[in-house]
Every structure is written in C-alpha cells, then in structure tokens.
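Asker: One structure, as structure tokens, below. Some questions next.
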Amino acid sequence: GDSVFFRAADDSALYVSLFVASSVVWGEGEGEGACEVTQATAFPLASDEDGSTTSLRVACDAGTAAASGWSLRIRVPAWATAGPNVILVDGKPVPGTLTPGFATVPAPGGGAWGTAAAPTTVTVSFPMSLRFEQLDDNRTEWAGVGAIMYGPLLLAGLTDDDLLPGLNASAARGEL
C-alpha cells in the first residue's frame with residue numbers, strides 16, 4: 001500500500017503511518033531473510049467499547065538478521081486524544097504514554113520478532129470521540145465555522161440554507 005509503511009534510512013525501524021489492511025516484506029532481497037508485516041483492520045469502521053482497533057502480525061524467517069535489530073514505529077494520530085490509547089505486543093502493553101506522533105514498539109522478549117510458526121501480534125487501539133474542528137481561515141465571515149468529527153471521520157448532515165443564516169457557500173465559491 002502506498003504511504004502505509006516507511007523504512008528508516010538506517011533500517012532501525014519500520015514506520016506504520018496508515019491504518020488500512022495491507023502488508024509489506026521487510027529485508028526482502030537483502031540476503032538476510034525477510035519479515036512480513038501484515039495489517040488487518042476495518043478501521044475506522046469497526047469499533048467496540050475499547051475503540052477502533054488494528055492488528056499487525058510480524059512473521060520473520062527464523063534465525064535471520066531480519067528478525068531482530070529493528071522496531072515498529074506506529075503513528076498515534078492527532079485526533080487520538082480520548083484515551084486511553086493502547087498498543088499491545090502479544091497481549092502485553094507497551095509502556096509509556098502514547099501521545100500524537102510515532103510510538104516506538106521494540107521487538108518483544110529477547111529482541112526478536114516472531115516467526116511464521118509463532119508470529120508476534122501487535123494490537124493498536126485508539127478510542128474515537130466527537131470533537132469540533134474550527135475552520136483554519138482568518139476571514140471574519142468564517143468565524144465559528146468548522147466541522148464535527150468522530151475520530152478521523154468527518155460527519156455530515158443534509159440541511160438547507162435557511163438553517164445557516166449568513167453562510168452562503170455558493171457565494172464563497174464564486175457561484176452567484
């Protein structure tokens with residue numbers, strides 16, 4: 001997937017920037033074996049009381065250099081403020097506070113990722129909440145105009161102009 005995974009220039013980390021069903025092979029063709037990272041999710045549509053969840057399965061060729069020496073860096077979105085944000089590695093929480101940016105997830109145990117027979121599972125949960133995002137526009141006619149969001153989702157509703165006195169979207173687009 002385009003823009004889902006990125007590799008650090010020094011091969012010390014694999015960045016996960018989007019939450020979408022996808023996979024990537026790490027270390028392929030480098031003579032060191034390979035790791036496959038597979039992301040399974042219905043994010044942001046599937047949620048439960050813990051919030052929206054995505055799961056990463058890390059399976060490396062056993063005993064190869066690719067199985068160790070690197071970390072996952074998982075994006076913690078700016079909207080993920082409802083907390084608690086949780087990242088679990090094989091069911092155990094990653095220590096530390098998960099704030100917007102990238103969270104570092106080191107290989108578990110002795111520093112080696114799982115194998116095809118016993119993969120490492122990384123579960124990521126970011127509870128979603130409602131919020132109002134102010135329109136980033138300094139013009140006074142747009143003061144107080146914004147969007148209602150639920151996590152990363154823009155909520156929309158059908159309305160007509162008489163419910164929004166003084167706001168003429170057609171005029172703002174130059175359509176009179």
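Asker: Quick check on this structure: which one of G144, G110 is among the small types (G, A, S), modelled with pLDDT under 85 and at positive phi? Steps first, answer last, please.
Answerer: Values: G110 fails: at positive phi.
Just one listed residue meets the conditions, G144.
Asker: Right, next: Looking at F132, F102, can you tell me which residue is in a strand (DSSP E or B), modelled with pLDDT of 85 or more and within 15 Å of the chain's Cα centre (by Cα)? Don't jump to the end; show me each part of the working.
Answerer: Working: F132 fails: within 15 Å of the chain's Cα centre (by Cα).
Only one candidate qualifies: F102.
Asker: Which one of these is under 21 Å from W79 (Cα atoms) and small (G, A, S): A116, A143, A147?
Answerer: Values: A116 fails: under 21 Å from W79 (Cα atoms); A143 fails: under 21 Å from W79 (Cα atoms).
Unique residue meeting the criteria: A147.
Asker: From (1) closer than 19 Å to P106 by Cβ; (2) at pLDDT 90 or above, pick out the condition that doesn't hold for S22.
Answerer: (1)
Okay, residues lined up against (1) in contact with a Ser or Thr (Cβ under 6 Å, 6 or more places away or on another chain); (2) open to solvent by less than 30 Å² (accessible area, probe 1.4 Å):
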site: G111; (1), (2): yes, yes
site: A117; (1), (2): no, no
site: T120; (1), (2): no, yes
site: S125; (1), (2): yes, yes
site: L130; (1), (2): no, no
site: Q134; (1), (2): no, no
site: W142; (1), (2): no, no
site: M149; (1), (2): no, yes
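Asker: While we're on this one: Given the options G63, G69, G33, name the one that is touching a Gly at 6+ places or on another chain (Cβ under 9 Å), at positive phi and modelled with pLDDT of 75 or more.
Answerer: Details: G63 fails: modelled with pLDDT of 75 or more; G33 fails: modelled with pLDDT of 75 or more.
Going through G63, G69, G33 in turn, the sole match is G69.
Asker: Still on this model: Can you find a residue that is of a type in the set (V, I, T) and under 16 Å from P152 (Cβ atoms) anywhere in the range 54-65? Lay out the reasoning, then the answer.
Answerer: Here is the first cut: in the range 54-65, the residues of a type in the set (V, I, T) are 54, 58, 64.
Now narrow it down to the ones that are under 16 Å from P152 (Cβ atoms): 54.
Yes, the range 54-65 contains at least one residue that is of a type in the set (V, I, T) and under 16 Å from P152 (Cβ atoms).
Asker: On to the next question. In the range 36-46, which residue that is among the small types (G, A, S) and in contact with a strand residue (DSSP E or B) (Cβ under 7 Å, 6 or more places away or on another chain) is modelled with the lowest pLDDT?
Answerer: Looking only at the range 36-46, we keep the residues that are among the small types (G, A, S), and these are 40, 42, 46.
With in contact with a strand residue (DSSP E or B) (Cβ under 7 Å, 6 or more places away or on another chain) added as a condition, the list becomes 40, 46.
Values: A40: 91, A46: 59.
Top of the filtered list is A46.
Asker: If you don't mind, another one. If I go through the range 56-69 residue by residue, how many of them are open to solvent by less than 40 Å² (accessible area, probe 1.4 Å) and in contact (Cβ under 8 Å) with a residue 60 or more places away in the chain? Outline the logic, then answer.
Answerer: First, the residues of the range 56-69 that are open to solvent by less than 40 Å² (accessible area, probe 1.4 Å): 56, 58-60, 64, 66-67.
So of that shortlist, the ones also in contact (Cβ under 8 Å) with a residue 60 or more places away in the chain come out as 56, 58-59.
So the count comes out to 3.
Asker: Quick check: anything in the range 80-97 at pLDDT below 80 and surrounded by 18 or more Cβ atoms within 10 Å (Cβ to Cβ)?
Answerer: no
The values are calculated or read from the model by the stated rules, or taken from the named source; none is laboratory data. The shown structure was predicted, so the numbers you read here are calculated from the model rather than taken from an experiment. When we count neighbours, we look across all protein chains shown, and the Cβ atoms used for this are built from the backbone with ideal geometry, even at glycine. Quick note on the areas: whole protein, heavy atoms, side chains included, nothing else; ligands and nucleic acids left out. Shrake-Rupley method; radii C 1.70, N 1.55, O 1.52, S 1.80 Å.
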